[in-house]
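The block underneath contains the structure these notes are about, expressed in structure tokens.
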Amino acid sequence: MTGAQCREARRLLGWNQKQLAASAGVYSGAVTAFERHGRFPMTKSGQDRLRMVRLAFEAAGVTFAGKGELGVNLKEPEP
């Protein structure tokens with residue numbers, strides 16, 4: 001996932017950075033840093049913040065394009 005994909009996924013969900021941070025269990029400054037610089041700040045605890053954010057998006061219905069592609073989509077709700 002790239003910073004641009006993160007912004008687009010938030011847009012699709014109507015989330016701001018604080019909402020994403022709360023859903024992923026990270027602090028909002030980490031989301032800001034990722035979207036601006038493409039990486040999360042280092043953490044002493046070894047948390048994989050990128051994975052945490054991606055899992056939060058996927059739980060909300062976001063899908064990411066395959067390797068080497070930049071698309072982001074929102075799954076259709078199941079009946």
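The values are calculated or read from the model by the stated rules, or taken from the named source; none is laboratory data. Please read these numbers as outputs of a predicted model, since none were measured by experiment. Positions of Cβ are backbone-derived with ideal geometry, glycine not excepted, and every protein chain shown enters the neighbour counts.
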Checklist entry - From the set of residues in region 28-79 that are among the acidic types (Asp, Glu) and over 12 Å from residue 6 (Cα atoms), which is modelled with the lowest pLDDT? => result 78
Checklist entry - For region 1-26, what are the residues that are under 15 Å from residue 40 (Cβ atoms), in contact with a strand residue (DSSP E or B) (Cβ under 7 Å, 6 or more places away or on another chain) and of a type in the set (A, V, I, L, M)? => result 1
Checklist entry - Considering only residues of region 16-36 that are free of Cβ contacts under 8 Å to residues at least 12 places away in the same chain and assigned to a loop (DSSP other than H, G, I, E, B), which is nearest to residue 64 (Cα to Cα)? => result 16
